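The values are calculated or read from the model by the stated rules, or taken from the named source; none is laboratory data. Everything numeric here is computed off the predicted structure, so don't read it as measured data. Glycine gets a Cβ as well: all are built from the backbone with ideal geometry, and neighbour counts include every protein chain shown. Only protein heavy atoms, including side chains, enter the accessible area calculation; ligands, DNA and RNA are left aside. Shrake-Rupley method; radii C 1.70, N 1.55, O 1.52, S 1.80 Å.
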Amino acid sequence: MSTSLETIKTLCPYCGVGCGLEVVETGKEPTLKFPDRFKVRGDRAHPSSQGMVCVKGATIAESIQKDRLLHPMMRDRLGDQFRQVSWDEAFDRITQRIQEVLATKGADALCMYGSGQFQTEDYYTAQKLFKGCLGTNNFDANSRLCMSSAVSGYVKSFGSDGPPCCYEDFDLTDCLFAIGTNTAECHPIIFNRFRKRHKKEAHVKLIVVDPRRTQTAEVADLHLAIQPGTDIDLLNGIAHLLLLWGKSDRAFIENHTNGFTEFQELTQHYTPEFVSRRCGISIEELELAAKYWAESPRVLSIWSMGINQSVQGTAKVQSIINLHLLTGQIGKEGAGAFSLTGQPNAMGGREAGGLAHLLPGYRFATNPDHRAELEAFWQLPKGSISPQVGRTAWDIVRGLESDQVAFLWIAATNPAVSFPDLVRTKAALRRSPFTVYQDAYFPTETSEFAHILLPATQWSEKTGTMTNSERCVTLCQAFQPPLGEAKADWEIFAEVGRRLGFNAQFQFQNSADVYAEFAQITRDRPCEITGITHAKLAELGAIQYPCKDSAPELDQVHNKRLYTDRQFHTSDRRANFAAYHSQGVFEVPDQAYPFILTTGRLYGHWHTQTRTGRIDKIRQMHPHPFIEIHPQDADKLGINDGDLVEVKSRRGASKFPAMVTKAIAPGVVFVPMHWGALWADNAEANALTHAEACPDSKQPELKACAVAIAFFSITLNSSKIS
Ligand SMILES: Nc1nc2c(c(=O)[nH]1)N[C@H]1C(S)=C(S)[C@@H](COP(=O)(O)OP(=O)(O)OC[C@H]3O[C@@H](n4cnc5c(=O)[nH]c(N)nc54)[C@H](O)[C@@H]3O)O[C@H]1N2
Ligand SMILES: Nc1nc2c(c(=O)[nH]1)N[C@H]1C(S)=C(S)[C@@H](COP(=O)(O)OP(=O)(O)OC[C@H]3O[C@@H](n4cnc5c(=O)[nH]c(N)nc54)[C@H](O)[C@@H]3O)O[C@H]1N2
Ligand code: SF4
Ligand SMILES: [Mo]
């Protein structure tokens, strides 16, 4: 840790835009506490954000010392009081339990559920412990609820994960196709970057595909307010018109793709009349979207949860990529299929193998060569790594229900708010015989379900790396000591590893050592980072990968676009078209549950509010939960703006003040995901959602479920904090 600091460079620990921050020490008196002691501002030298920050980055300092978990705590039964224990006692209890479970039930009864808010070093150490030393791939992360459809879509279409674009493409594109993303609120800094140019240059178009008129849609040249779940209809409909108008790139298709014929046949079904009916948009709107695609020299698609969180998540991602393959809009400036990552280190998690089917270095647990490479590298006996895909997020719930999971370790995520079908999730967590919960704050909704609480250091107190949406790795430096007895996540995992007898595997002195080891196992992989070290990041600033240690120094810093040579990572180096029909949403509205509920985010809040709920400015911005409902629907139900309404699904019920607005389509309602049990009474979005998931990515359909709505009372007082 740096002590004589003037200006420290770090990264905003919220969204995947990955804005660079500078922290300036304003005074050194020891009595001064964060945030009075430090000022946070945008880092002008950071290539991704060029000095910009949004309200979340600007206010980050304010929540850092409030309601922190400071010491390890333990209890025998849920409902008992926690008692403070030493780290030694906590480690002993954890290792003892792991050994018991290994001896009685086997490694598959052990599970860890981690987070895209880990640093890459945390992720890597956890993979080594669970997948290597303990021999179970039961490590999954909240990225399963977030990015896993993008991962599987990229792998199926291009042969490997890895968003191929960069932020400079926002400055160069002629048409931004934003589908299932409220970029203005959720990735504000890159949206602003695009908007600057969009406002100035009339030929630059913005198409927004979203059932809601979001702040992103508000400024679009064309807003397609499609019915939830009809994205594939729309995408195939655009392809149909492009083919009809002869606007495909025949040479690209011929030389660099497979599967075109089947795709072309499929698109025949998606006539403008059919698509307009399915999506609930006019034929003119569809034609205009296709016209923008056809006439723009460079088209950049961006998407996030409106696409990924779906029972057809992978199919939707591949259907977006299809349009880029059809038009050759890939591997060139201002063009490409760009999945915006949600969390600050969702990307680092993918590189380090942080999902139940992955291994570090974009490897797969089911691939025998990949397992053998890691076993040798980790100096573990052959066969140590399980060939089975581990439990994904929802499989953990199932495993708890069937008593197959006997040890659950949750870190840097708050599933008692963010999991689907919370009634079932909470019942499963309540059943868990042994849950370790490692977080920075106390209480959170999930601490109620823990037997052991481990205090984690967070942003400002731990050094490590994070990778943003454009594959840019930034060093986040510690600049103040840990609060209380908190430790970095990777340190905790390494200590448990050593205590289980894996001394040789966990000899790291600091997180730079961890990164250096991880980098070696990425050699010759598509996510190669052998040219990146903590020291180099500190000296040069953020570095984009792929970055080989053998490359000349200058080339190492910026590797902006993938596939510029149009050689993909498949065995024949060709990209794959994918022919998918649209299936719509899983839970179709009916008489009993006539509305589609969709869920999402607000500009100021971050997820389950562990930080942003403690920041006055943000609480004032979004004081309480609400449900958006169209005036026609509100009229029919006798609901006025501000009335408290009860919303029921087949799984649970919640209550929200109504926000009557034409920004939402009739028949659809929207609830923000941010209010868990600690922040409002019965206003949980996920009490209503279901866990049905995409068969390829296993990502649940958090964006659509069927609900019934009824007037409850005229009192608007559902928020605990307003
Ligand atoms: N302010 C803020 N920013 C954040 C976060 C935060 O908590 N707060 N979280 C970060 C994280 S982890 C993530 S994953 C990203 C998420 O970023 P986004 O994906 O942009 O955010 P969401 O609000 O979840 O969903 C986006 C949009 O999908 C739309 N949608 C719903 N159903 C459909 C559909 O069937 N089709 C289409 N086309 N659209 C649909 C919703 O109406 C919503 O406007 O944001 C990141 N940034
Ligand atoms: N209905 C609905 N549900 C959703 C979504 C949706 O759109 N709709 N989106 C899904 C998506 S995309 C996501 S990403 C998830 C997010 O859901 P969660 O991951 O549950 O949300 P967070 O509030 O970000 O939780 C992160 C936790 O990590 C802690 N933390 C921060 N830094 C550190 C650290 O360095 N170490 C440790 N150990 N802890 C730390 C914070 O205090 C916080 O408790 O929600 C998912 N759930
Ligand atoms: S856009 Fe994202 S990374 Fe940038 S300051 Fe805002 S929350 Fe932080
Ligand atoms: Mo996310």
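Identify, by number, the condition in (1) open to solvent by less than 10 Å² (accessible area, probe 1.4 Å); (2) out of contact with any Cys (no Cβ under 8 Å at 6 or more places or on another chain); (3) away from ligand 1 (no atom under 11 Å from the Cβ) that I179 doesn't meet.
For I179, the failing item is (3).
Within segment 288-317, can you find the residues that are within 13 Å of ligand 1 (Cβ to nearest atom) and charged (D, E, K, R)?
Within segment 288-317, just K316 meets the criteria.
Examine segment 375-391 for a residue that is outside any loop (DSSP other than H, G, I, E, B), under 24 Å from the mean Cα position of the chain (by Cα), of a type in the set (G, A, S) and at pLDDT 95 or above, and state whether such a residue exists.
Looking for residues that are outside any loop (DSSP other than H, G, I, E, B), under 24 Å from the mean Cα position of the chain (by Cα), of a type in the set (G, A, S) and at pLDDT 95 or above, one finds none in segment 375-391, hence no.
For segment 312-319, indicate whether the set of residues that are within 16 Å of ligand 4 (Cβ to nearest atom), over 18 Å from S157 (Cα atoms) and assigned to a helix (DSSP H, G or I) is non-empty.
Within segment 312-319, none of the residues are within 16 Å of ligand 4 (Cβ to nearest atom), over 18 Å from S157 (Cα atoms) and assigned to a helix (DSSP H, G or I).
The conditions are (1) more than 16 Å from ligand 2 (Cβ to nearest atom); (2) over 28 Å from F170 (Cα atoms); (3) crowded, with 23+ Cβ neighbours inside 10 Å, and M112 fails exactly one of them. Which is it?
In the conditions (1) more than 16 Å from ligand 2 (Cβ to nearest atom); (2) over 28 Å from F170 (Cα atoms); (3) crowded, with 23+ Cβ neighbours inside 10 Å, M112 misses (1) alone.
In this structure, is L222 touching a helix residue (DSSP H, G or I) at 6+ places or on another chain (Cβ under 7 Å) and buried (at least 24 other Cβ atoms within 10 Å of the Cβ)?
No; evaluated as a whole, the condition is false for this residue.
Out of everything in segment 439-464 that is open to solvent by less than 10 Å² (accessible area, probe 1.4 Å), in a strand (DSSP E or B) and out of contact with any Cys (no Cβ under 9 Å at 6 or more places or on another chain), what residue ends up being farthest from ligand 2 (Cβ to nearest atom)?
Only one residue tops the list, namely I452.
Just one of the numbered conditions (1) out of contact with any Ser or Thr (no Cβ under 9 Å at 6 or more places or on another chain); (2) assigned to a loop (DSSP other than H, G, I, E, B) is not true of A538; which one?
Evaluating A538 over (1) out of contact with any Ser or Thr (no Cβ under 9 Å at 6 or more places or on another chain); (2) assigned to a loop (DSSP other than H, G, I, E, B) leaves (2) as the failure.
What tally of residues in segment 465-485 results from selecting those that are buried (at least 24 other Cβ atoms within 10 Å of the Cβ) and on the phi < 0 side of the Ramachandran plot?
Result for segment 465-485: 11.
Quick check on segment 107-122: of everything there that is out of contact with any strand residue (DSSP E or B) (no Cβ under 6 Å at 6 or more places or on another chain) and assigned to a helix (DSSP H, G or I), which residue is nearest to ligand 1 (Cβ to nearest atom)?
Filtering segment 107-122 for residues that are out of contact with any strand residue (DSSP E or B) (no Cβ under 6 Å at 6 or more places or on another chain) and assigned to a helix (DSSP H, G or I), the one nearest to ligand 1 (Cβ to nearest atom) comes out as D122.
Starting from residues that are under 26 Å from V473 (Cα atoms) and not charged (D, E, K, R), keep the ones in segment 19-33 and report whichever is modelled with the lowest pLDDT.
Selected residue: V24.
Which numbered condition trips up A202, out of (1) surrounded by fewer than 24 Cβ atoms within 10 Å (Cβ to Cβ); (2) in contact with a helix residue (DSSP H, G or I) (Cβ under 9 Å, 6 or more places away or on another chain); (3) more than 30 Å from G114 (Cβ to Cβ)?
(2)
Take the conditions part of a helix (DSSP H, G or I) and more than 16 Å from ligand 3 (Cβ to nearest atom) and apply them to V436. Does it pass?
Spelling it out, it is not the case that V436 is part of a helix (DSSP H, G or I) and more than 16 Å from ligand 3 (Cβ to nearest atom).
Hey, can you tell me all the residues within segment 487-527 that are small (G, A, S) and under 20 Å from G353 (Cα atoms)?
A488, A494, G497, S511, A512, A516, A519
From A663, A680, A658, grab the single residue that is within 25 Å of the chain's Cα centre (by Cα) and either within 20 Å of A427 (Cα to Cα) or modelled with pLDDT of 95 or more (or both).
So the residue among A663, A680, A658 that is within 25 Å of the chain's Cα centre (by Cα) and either within 20 Å of A427 (Cα to Cα) or modelled with pLDDT of 95 or more (or both) is A680.
Inside segment 47-65, can you point out the residues that are closer than 20 Å to E539 by Cβ and either within 10 Å of ligand 3 (Cβ to nearest atom) or of a type in the set (K, R) (or both)?
Scanning segment 47-65 gives S48, S49.
Run down L11, L69 and say which single residue is surrounded by 22 or more Cβ atoms within 10 Å (Cβ to Cβ) and away from ligand 3 (no atom under 13 Å from the Cβ).
Just one listed residue meets the conditions, L69.
From the list L235, L242, which one is within 16 Å of H581 (Cβ to Cβ) and touching a residue at least 40 places away in the same chain (Cβ under 8 Å)?
Matching residue, one of L235, L242: L235.
Suppose the filter is open to solvent by less than 10 Å² (accessible area, probe 1.4 Å), modelled with pLDDT of 95 or more and within 30 Å of K536 (Cα to Cα); does A416 pass it?
no
Can you spot a residue in segment 56-65 that is loosely packed, with under 15 Cβ neighbours inside 10 Å and out of contact with any helix residue (DSSP H, G or I) (no Cβ under 9 Å at 6 or more places or on another chain)?
Yes, there is a match, as at least one residue in segment 56-65 is loosely packed, with under 15 Cβ neighbours inside 10 Å and out of contact with any helix residue (DSSP H, G or I) (no Cβ under 9 Å at 6 or more places or on another chain).
Take the residues of segment 419-428 that are more than 19 Å from the chain's Cα centre (by Cα) and open to solvent by 10 Å² or more (accessible area, probe 1.4 Å): which is nearest to Y113 (Cα to Cα)?
Ranking the candidates gives K426 first.
Under 7 Å between Cβ atoms, which residue pairs at least 6 apart in sequence (or on different chains) link something in segment 6-24 that is more than 15 Å from ligand 2 (Cβ to nearest atom) with a partner that is aromatic (F, W, Y)?
Here the result reads I8/F479; V23/F38; V23/F479; V24/F38, each pair linking segment 6-24 to a residue that is aromatic (F, W, Y).
So the check is Cβ under 8 Å with 6+ separation or different chains; which pairs have a first residue in segment 335-360 that's at positive phi and a second one that's open to solvent by less than 10 Å² (accessible area, probe 1.4 Å) and of a type in the set (A, V, I, L, M)?
Qualifying pairs under 8 Å: G336/L300; G336/I330; G353/L359.
Go through (1) within 11 Å of ligand 1 (Cβ to nearest atom); (2) surrounded by fewer than 24 Cβ atoms within 10 Å (Cβ to Cβ) and name the single condition F191 misses.
Against the list (1) within 11 Å of ligand 1 (Cβ to nearest atom); (2) surrounded by fewer than 24 Cβ atoms within 10 Å (Cβ to Cβ), F191 comes up short only on (2).
Within the bounds of segment 76-87, is there any residue that is within 27 Å of H357 (Cβ to Cβ) and away from ligand 1 (no atom under 16 Å from the Cβ)?
No.
Yes or no: segment 123-135 includes at least one residue that is under 27 Å from G42 (Cβ atoms), in contact with a Pro (Cβ under 9 Å, 6 or more places away or on another chain), away from ligand 1 (no atom under 11 Å from the Cβ) and not assigned by TED's automatic domain parsing to the domain that holds A691.
Yes, because at least one residue in segment 123-135 is under 27 Å from G42 (Cβ atoms), in contact with a Pro (Cβ under 9 Å, 6 or more places away or on another chain), away from ligand 1 (no atom under 11 Å from the Cβ) and not assigned by TED's automatic domain parsing to the domain that holds A691.
Spot the failing condition for R144; the list is (1) part of a helix (DSSP H, G or I); (2) away from ligand 4 (no atom under 16 Å from the Cβ), and only one is missed.
Every listed condition holds for R144 apart from (2).
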